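Bear in mind these aren't lab numbers, they're just calculated from the coordinates by the rules spelled out. Note that the structure is a prediction, hence the values are computed from the model and not measured. Every residue, glycine as well, gets a Cβ built from its backbone with ideal geometry; the counts of neighbours run over all protein chains shown.
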Amino acid sequence: MERIRVNLEKSVKDSYEIVIGEDVIDRAGLTTKVKDEIDRSVIVTDSDVNPLYGQRVLERLKETTRPVDIIEIPAGESSKSLETVLGVARRLVGLSASRKSLLIALGGGVVGDVTGFVASIYMRSIPYIQIPTTLLAQVDSSVGGKTGVDLPEGKNLVGTFYQPKAVYIDLSVLKTLSDKDFGNGLAEIIKYSIIANHGLFELLEQENAGIKKRDISLMKTLVGRSCKIKAGIVEMDERESDLRRVLNFGHTLGHALEAASDYGLSHGEAVAIGMVGAAMISRKLNHLDKDSFARIVGLIKSYGLPTTIRAGMETAQITSFMATDKKAVGGQLHFVLTKAIGVPFVTPEVPSGVVVEVIEELKR
Ligand SMILES: NC(=O)c1ccc[n+]([C@@H]2O[C@H](COP(=O)([O-])OP(=O)(O)OC[C@H]3O[C@@H](n4cnc5c(N)ncnc54)[C@H](O)[C@@H]3O)[C@@H](O)[C@H]2O)c1
Ligand SMILES: [Zn+2]
């Protein structure tokens with residue numbers, strides 16, 4: 001079992017631990033960090049995860065805290081809404097949850113974002129822990145303290161920064177994950193390997209077969225290193241200013257492709273193509289050498305992720321989605337480029353002609 005400490009300098013009491021291992025959810029004492037202070041726990045999970053793991057986590061929690069209840073929300077992004085938040089909050093009132101109650105987010109990024117948001121506003125905030133069950137949630141959404149929901153106008157438009165008391169990552173739950181959801185997490189892991197490396201890039205190159213089989217010990221290394229990289233960046237930049245922007249590698253174009261495909265492309269697929277695009281721009285502007293470029297594209301391909309844009313997507317539509325990305329700063333679109341594997345940088349200076357050229361090349 002590996003433990004990674006996330007140190008938040010400015011607010012020491014916000015620091016927490018990420019525990020990573022096999023069968024972590026079967027260990028009693030999931031809530032040891034907070035158990036003395038809490039009067040009840042409420043698991044929030046979704047309709048896909050509840051039948052798989054809900055009861056198991058409930059039984060474990062009963063060993064240390066009681067009472068324990070489960071609130072189930074429908075699986076899927078459409079649950080990331082203010083209606084769900086209100087529904088969960090009202091259920092909590094019905095269960096007599098108080099400021100001393102603990103929420104447990106058991107599920108993927110949707111459950112994590114909704115539960116974290118409810119925890120940050122219910123009775124002006126109550127503690128929560130995360131048990132992320134998708135690969136994406138394990139390496140990305142459960143680290144960093146961003147919570148929130150979508151509005152009809154766009155994704156993640158309402159939310160808070162609110163850190164959990166602890167994150168418990170159980171690698172054995174990955175075996176029930178769909179290939180599509182596994183790919184979504186892999187795309188983010190590949191992203192970390194390009195922006196920070198830490199031996200991750202070579203590991204992904206060398207252990208392709210084992211990783212695709214979701215070998216537990218390889219997954220432990222991958223998830224551990226990814227969490228360390230994200231935690232390291234978040235520690236330096238908790239509120240998302242310049243530094244944290246490198247985490248957006250592949251996402252400027254990726255988000256636009258996701259939207260332009262009307263979400264027919266999954267997040268991981270769109271980010272995979274976006275990373276190829278960012279590497280192409282880096283290459284065109286003479287930042288990245290030919291070999292590193294070929295290794296980046298080769299790695300993405302070797303995990304079955306797409307590296308080209310399929311026919312039918314309009315370049316003008318893609319660039320217009322890029323222009324409306326909420327991460328554009330002062331009207332200026334910032335790109336995360338790379339000088340080498342592990343050496344990213346953020347720049348507002350990518351000529352729009354180069355972006356268009358790259359989108360056209362990605363269609364071939
Ligand atoms: N807060 C952040 O910093 C942050 C970062 C990245 C993404 N996100 C958000 O995360 C969300 C996407 O998260 P996601 O990809 O985990 O999607 P998700 O939560 O919708 O999970 C995907 C599907 O997998 C199912 N599932 C979860 N765990 C499973 C398991 N172990 N076995 C079988 N099925 C399982 C879920 O029920 C769901 O149907 C988006 O809303 C995105 O905005 C947030
Ligand atoms: Zn992402």
Using only Cα atoms and rounding to the nearest 10 degrees, what angle (0 to 90) does helix 290-302 make with the longest principal axis of the chain?
50
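Output the pairs from K155/K212; K228/K363; K339/K363 with a Cα-Cα distance over 32 Å in this structure; if there are none, say none. Present the calculation step by step, with values, prior to reporting the outcome.
Numbers: K155/K212 30 Å; K228/K363 35 Å; K339/K363 24 Å.
The pairs that break the limit, which is 32 Å between Cα atoms, are K228/K363.
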Net dipole in debye of the chain [+1 Lys, Arg Cβ; -1 Asp, Glu Cβ; about Cα centre; nearest 20]:
580
C-alpha long axis of helix 315-324 to longest principal axis of the chain, angle in °
50
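At 222 nm, what helix-only mean residue ellipticity would the chain give, in deg cm²/dmol to the nearest 500, using -39500 (n - 2.57) for each DSSP H run of four or more? Walk me through the numbers on the way to the answer.
On the way: 12 runs with 148 residues, N = 364.
Calculated at 222 nm, the ellipticity per residue is -12500 deg cm²/dmol.
Grab the alpha carbons of the stretch 225-335, take their convex hull, and tell me the volume per residue in Å³. Provide the component values of the computation, followed by the final result.
Numbers: hull volume 14.5 nm³, N = 111.
Considering the Cα atoms of the stretch 225-335, their hull volume per residue is 130 Å³.
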7 Å from Cα along Cα→Cβ at both L151 and V356: what's the point-to-point distance in nm?
3.2
State the Cα centre-to-centre distance between the stretch 50-108 and the stretch 233-300 in whole Å.
34
Label S78 and E314 with points 7 Å out from Cα along Cα→Cβ: what is the distance between them in nm?
2.7
Note the angle between two axes, namely the Cα long axis of helix 109-121 and the longest principal axis of the Cα atoms of the chain, as a number of degrees from 0 to 90, rounded to the nearest 10.
60
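Among M275, M280, rank each residue by its count of other Cβ atoms within 10 Å, from fewest to most, as a rough exposure measure.
M280, M275
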